[in-house]
Amino acid sequence: MWSPVLENEIVRLVPLTSGDFEQLYAVASDPLIWEQHANSDRYKLDVFRKFFQEALESSGALIAIDRKDDPVIGSSRFHCYDLEPSEIVIGWTFLARTHWGGVYNREMKRLMSSADRSMSGRR
């Protein structure tokens with residue numbers, strides 16, 4: 001899978017590495033992030049560790065960093081890239097509550113969608 005570095009004025013998305021676990025779990029350990037999610041216990045260490053490992057294995061996971069002062073604010077990932085119809089799934093996104101209700105989710109998805117379009121031109 002393809003994992004680019006994407007950024008604009010407010011957010012930077014970089015490929016997830018095993019060294020990102022502690023910083024990302026610090027965000028994901030908030031139970032309210034997962035309250036309405038199908039896996040509402042993902043804030044628990046053992047449950048999140050499995051989610052994190054799956055993200056690493058996907059080779060499409062990105063960690064989100066606020067460009068203002070560089071804290072890790074969440075994650076998203078590319079999945080199921082299909083070259084023929086030139087499609088890819090963008091999902092598994094979560095953000096720190098401090099970044100809810102603003103432009104971060106929209107900007108992350110915009111960057112990822114733009115990268116997807118440029119990737120489809122690389123046939």
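Which one of Asp46, Asp66, Asp116 is charged (D, E, K, R), surrounded by 15 or more Cβ atoms within 10 Å (Cβ to Cβ) and at pLDDT 90 or above?
Going through Asp46, Asp66, Asp116 in turn, just one is charged (D, E, K, R), surrounded by 15 or more Cβ atoms within 10 Å (Cβ to Cβ) and at pLDDT 90 or above: Asp66.
So is Leu16 modelled with pLDDT of 95 or more, in contact with a helix residue (DSSP H, G or I) (Cβ under 8 Å, 6 or more places away or on another chain) and open to solvent by less than 30 Å² (accessible area, probe 1.4 Å) or not?
Yes.
Got a number for residues in region 69-96 being among the β-branched types (Val, Ile, Thr), over 20 Å from Glu35 (Cα atoms) and either open to solvent by 50 Å² or more (accessible area, probe 1.4 Å) or at pLDDT below 95 (or both)?
So the count comes out to 3.
In region 10-33, which residues are of a type in the set (Val, Ile, Thr) and in contact with an Asp or Glu (Cβ under 8 Å, 6 or more places away or on another chain)?
Selection gives Ile10, Val11.
Provide a single number: the residues in region 49-63 that are open to solvent by 20 Å² or more (accessible area, probe 1.4 Å) and of a type in the set (A, V, I, L, M).
1
The values are calculated or read from the model by the stated rules, or taken from the named source; none is laboratory data. Keep in mind that what you see is a predicted model, and the values were worked out from it rather than measured. So basically every Cβ, Gly included, is an ideal-geometry build from the backbone, and we count neighbours across all protein chains shown. Calculation scope for accessible area: heavy atoms of the full protein, side chains included, ligands and nucleic acids excluded. Shrake-Rupley method; radii C 1.70, N 1.55, O 1.52, S 1.80 Å.
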